[in-house]
Structures are given as C-alpha cells and as structure tokens.
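The values are calculated or read from the model by the stated rules, or taken from the named source; none is laboratory data. Bear in mind the structure is a predicted one, so any value in this text is a computation, not a measurement. Backbone-built Cβ (ideal geometry, glycine too); neighbour counts: all protein chains shown. Keep in mind that these areas ignore ligands, DNA and RNA; they rest on the heavy atoms of the full protein, side chains included. Shrake-Rupley method; radii C 1.70, N 1.55, O 1.52, S 1.80 Å.
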Amino acid sequence: PFQVVGGKVKKPGKRGRKPAKIDLKAKLERSRQSARECRARKKLRYQYLEELVSSRERAICALREELEMYKQWCMAMDQGKIPSEIKALLTGEEQGKAQQNSMKLAKAGKTEANSSNP
C-alpha cells in the first residue's frame, strides 16, 4: 500500500505539496509588520479625508456668505436702492469698455502711421 519515491514514503490518497515548516517567529513578525503598515495607511487615508471634509466645509461657508450677500443686494434692489458694489461693477464695466475702445483707436492710429511711412 505504500510507495517509495525518491527515498520518501508516500501514502496513497494524499496529493499536493506538504506544507513546509515555516519559521513561526518570522511569520509572526511579517504579520506584525503588515498590520503596522495597514494601520499607517488607514491613518493617512483618514487624515486625507478629514482635510478634504474641512476644505469642503470652508468652501460651503464661503458660498453661503456669498449667497447671503446676493440676497442682501436683491432685497436692496427690490426697495429701489442700487448697492454700491453693483454701481462700482457697472461703472467699472463702462470704464473698461471706454478703455478698450480707446486702445483700439490707438492701435488703429499706429497701424495707419506705420503704413504711411515707407
């Protein structure tokens, strides 16, 4: 019932490799190291997520303040008042358009002057 193969006695019905005797201390140390690395990764992941949450909370606060400012502007305009910020924007746009037009005219004058001189 037993076979002798290469000097080893094999029992019938047992297949595959026999588990090698692994140094138990080395296995435990690898397990501990793996656990340490896992905890470190988890800690970094939580730090990243906490920073992400806090940055999003700051963004939400800033957007809420901006929304409140726009609400105040709308309420003021409903009462017939034009907020100074909107006046500044409107006059700034008008000044910007005037500056753009003057720049275009100046560029056109320069090109005409350059083309007239050979």
Could you give me the ³J(HN,Hα) list for the range 72-78, computed from phi with Karplus coefficients 6.51, -1.76, 1.60 and θ = phi - 60°, whole Hz, x at Gly and Pro? 4, 4, 5, 4, 5, 5, 4
Within the set of other residues whose C-beta is less than 12 Å from the C-beta of Arg36, count the net charge using Lys and Arg as +1 and Asp and Glu as -1. +4
Just subtract the alpha-carbon distance of Gln47 and Arg64 from 0.36 nm times their residue separation and send over the number in nm, one decimal. 3.6 nm
State in Å² the accessible area per residue of the range 24-90; use a 1.4 Å probe, count heavy atoms of protein chains only, and round to the nearest integer. 92
Environment charge at Arg64 (Cβ cut-off 15 Å; Lys +1, Arg +1, Asp -1, Glu -1): -1
Under the Debye formula (equal points on every Cα, no solvent term), log10 I(q)/I(0) of the range 24-90 at q = 0.14, 0.24, 0.26 Å⁻¹: -0.66, -0.98, -1.03
Phi-based couplings in Hz for the range 29-37 (Karplus 6.51, -1.76, 1.60; Gly and Pro marked x): 5, 5, 5, 5, 5, 4, 5, 4, 5
